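Any read-out appearing in this document is the output of simple, stated calculations on the displayed coordinates, not a laboratory observation. Please read all numbers here as calculations on a predicted model, not as lab measurements. Positions of Cβ are backbone-derived with ideal geometry, glycine not excepted, and every protein chain shown enters the neighbour counts.
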Amino acid sequence: MLATGHQDLITAFTATGRNHPYLALTLNSLCNLDCVFCKPSCMPDYGHKERPLTAANYAAIAAEAGAWNVKKAHCSGGEPTLRADILDVITALADGLGTGASIGMTSHGNLRRGLSVEQFHQAGLTYLNVSLHSLDPTRSAVIMGGGDPHKTRATIDEALARGLKVKINCVLQRTYLEDALGVAELARHLPVAVRLIELQNIGPAQAMFDTEFIPEAEVRTRLDDWFADAGEVTREELGVRSPGRYLQPTGWAGSIGFISNSSCATCSDANRIKITPSGIARPCILHNRDIPLKTHLADGTLPDAFEHLFRAMLERNGNEAWQGFHYVDYDLRWDRMERPEGAPVLPLLPMVTTGTGSPSCARRPSGGEEQ
């Protein structure tokens, strides 16, 4: 039972019209692939030497989050399936948030030996986001530093057969645009939501951004025939909340959406409570209002931590450091990145424009979208 003040805080957040916060959990920094725009092994703190949160920790965090009406948790990495206790973590989150919770995971879909989609489903997973950037094994290996798209396709097929909602994440690169469109066409026959994601000028992608970035607006011109009579897919129909706008071409089983944080960046509707592998919670990835959850776990004061997180998210639009528009998905895998108090970690990136002074995206930010 929440204290009256905490309930008032939930009511105030609800009154903003934004989607309720959810847990975005980065479970590790390790990955057995090496995507060109990610390159985890080249980054500081690769391997995450600090002790990560345990399944029991996640159970406690989820139980407290559930008391604040949080009904969703999403796990990512690194590659979260490399954690030896990944099934225990999924179960802990599902049990902690309770009946009706949405439990998701992002993976490259090349599951290690001994793991299956069936096991994840039984543990409580309700949806799966799969990273797939080319259907051609050779070109996919160049982009992702290994892996097999056929195994990824098998994971997608099994997830759909088990009744899981599936989204496919595909990062747009100019060199590999035809590959991305091939991935997008999977939605013609499969009930999946393919997300075409703009490259972001951060981290390892900075070295390739000038030559490889291609904006949503330019890609849309290639898809005019697909979208001519396409209908928009509502959040309820999609089954998994997501940023971006999804369109379903006539006669297609699935939908296509864009995540355009470079050309149409916004954080005004962001609602993720981001938690790093070692338990640092961040209501904003660029601004230092971090809170170490391990201390609160040890002291039994998680309600105080969640009060801090809700207040930080409620107040974010009034803080000049956020400038009211940026949304940059900087990496949560490394905890020791310097985060000076009261200032953004990174320079706020300008929105990419088409030369007309307006964003190159074909949509405008609107309330109620979950990031």
**Prompt:** If you place +1 on the Cβ of every Lys and Arg, -1 on the Cβ of every Asp and Glu, and leave all else neutral, what size is the dipole of segment 32-145 about its Cα centre, to the nearest 20 Debye?
**Reply:** 140 debye
**Prompt:** Per-residue HN-Hα couplings for segment 192-203, Karplus 6.51 cos²θ - 1.76 cosθ + 1.60 at θ = phi - 60°, whole Hz, x for Gly and Pro?
**Reply:** 10, 9, 8, 10, 8, 10, 5, 4, 10, 7, 9, x
**Item:** For peptides 204-217, 55-68, sequence by mean Cβ density within 10 Å, most packed first
**Value:** 55-68, 204-217
**Message:** Explain nothing, just compute: Karplus ³J(HN,Hα) = 6.51 cos²θ - 1.76 cosθ + 1.60, θ = phi - 60°, for every residue of segment 150-167 in order, whole Hz, x for Gly and Pro.
**Reply:** 5, 5, 4, 4, 5, 5, 4, 4, 5, 4, 5, 5, 7, x, 7, 6, 10, 10
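Enumerate by residue number the trypsin sites (Lys or Arg not before Pro) in segment 65-122 meeting two conditions: DSSP loop (anything except H, G, I, E, B), and at most 13 other Cβ atoms within 10 Å of the site's Cβ.
Working: sites: Lys71, Lys72, Arg83, Arg112, Arg113; in loops: Lys71, Arg83, Arg112, Arg113.
Filter output for segment 65-122: Arg112, Arg113.
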**Item:** Length-normalised contact order of segment 87-194 in % [C-alpha pairs under 8 Å, at least 6 apart]
**Value:** 26 percent
**Complete:** For Ile259, other-chain or 5+-apart residues with amide H closer than 5 Å (H placed, Pro excluded) are Leu196, Ile197, Glu198
**Asked** With Cβ to Cβ distances under 14 Å as the rule, what net charge do the other residues near Leu302 carry (K, R +1; D, E -1)?
**Response** -3
